[in-house]
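The values are calculated or read from the model by the stated rules, or taken from the named source; none is laboratory data. Computed from a predicted structure; not experimentally measured. Because the Cβ atoms are built from the backbone with ideal geometry, glycine has one as well, and the counts that use them run over all protein chains shown. These accessible areas exclude ligands, DNA and RNA; they are computed on the full protein's heavy atoms, side chains included. Shrake-Rupley method; radii C 1.70, N 1.55, O 1.52, S 1.80 Å.
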Amino acid sequence: MTEIERNVTHARAARGAKLDEVREQLNAQVEKLVTGEDWKRALTFAAKFRSRSVNNSWLIFAQHQAMWEAGRVPDPMPTYVAGFRQWEQLGRHVEKGQRGYAILAPVTGKFASPNPSDPMSWRKLAQKEQPRSGEVVRLRMIGAKVAYVFDISQTTGPDAPLPPKPQLLEGEAPAGLREGLIHQIEETGFTFMPVPHEGMIHGANGVTKFDDRQVAVRTNMDDAAQVKTLMHELAHVKMHGPDQSEARQHRGIGEVEAESVALMVGAAHGMDTSTYTIPYVSGWAMAADGKNPIQIVQATAERVRKVAVDILNQLDTVQISDGIPPGLTRPEQEQIVARMRERRTIERRQSTHSTSRRPARAASPAQPIRRLP
């Protein structure tokens, strides 16, 4: 083995060891999520950094807390985080001696296909290889590496402009949020039905009927409570339909997911999250037989984040910062938004097509409903 080969091997081993170290740190954070209150706090924080994966938001939180306890940063909570070069793009510079927060960054590869709808037709392009004529090229995640970000308090430079914050009165929801949520419910082909009291929906705050494609919410609650219920039911619509068997296979996790989506959407609008009810993590995470509870918690949290971000991106409301410094747009975020728009367009077309071809359905004697505890 040549000297160059030995150096490359050593560098790869070092990167692998660092990656393992970061993953162990992440697992340690997840293991601390024992109760519903722990879960609520973790997701409330993740809502402030919703532009990043839940795993990375938890890594940022843990490392920032350690830096604060060591007196290296002035505040216990991070605000804006970005990479070394990204801060330089904004005219700010990381202070000498500051340590970055290790996060997991995707390693992507280019894949090409002459028929994108066929999963078996995709092939990975070698470095500098060009696609063939007529092929579609997409980036896909093929691994992970360790990257580093810094909080704004670890940098110096011109002040970052602060985005507007929602100003809420007790019992009131943010302006436009109720209408935006109802619009999203109706966009999926469901009908929104306000009802005067809980007696009409079996004592619940809200219900989702998939057979009737109907969402009902009682109106004898204050505005904020009604909007919270709308968020919960919209999450059911997006996550727990009859055709989404994977999401429905573990009893109880569906309610955790719906309430968690509502919590993140509410937190992104500055709403009080203390009233949200999440059962013990140690209970629902153990419900999936034969699966690692840590992996269940991570997968559930990331699924919740993605649905919450999807809802938030379609709302024309004032929302708190998502952790990206003002003036900085991450290229991958632009790609994500573009893919989401493309997916929604396809889904709307498919929904219109299936509705036009759907035969008349006989009335069923009993229809399952989802209740908000």
Task: For the range 126-176, accessible area per residue (1.4 Å probe, heavy atoms of protein chains only), Å² - done: 75
Task: Contour minus Cα-Cα distance for residue 272 and residue 140 (0.36 nm per residue) - done: 43.8 nm
Open item on the list: Amide H of residue 79 versus every other amide H placed in the peptide plane: which residues, excluding those fewer than 5 positions away on the same chain, fall under 5 Å?
Closed with: 152, 153
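Counting only protein heavy atoms and using a 1.4 Å probe, what share of the accessible area of the range 33-101 belongs to carbon plus sulfur, as a whole percent?
52
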- [ ] Could you calculate the contour length gain from residue 70 to residue 320, that is, 0.36 nm times the residue separation minus the distance between their Cα atoms, to one decimal place in nm?
- [x] 87.2 nm
Open item on the list: Could you sort the peptides 81-90, 52-61, 95-104, 230-239 by per-residue average Cβ neighbour count (10 Å cutoff), highest mean leading?
Closed with: 230-239, 52-61, 81-90, 95-104
Task: Virtual spin-label span in nm between residue 15 and residue 193, 7 Å along Cα→Cβ - done: 5.7
TODO: Grab the Cα-Cα distance for residue 295 and residue 214, subtract it from 0.36 nm times how many residues apart they are, and report the gain in nm with one decimal.
DONE: 25.9 nm
Task: Solvent-accessible area per residue for the range 1-61 (1.4 angstrom probe, square angstrom) - done: 54
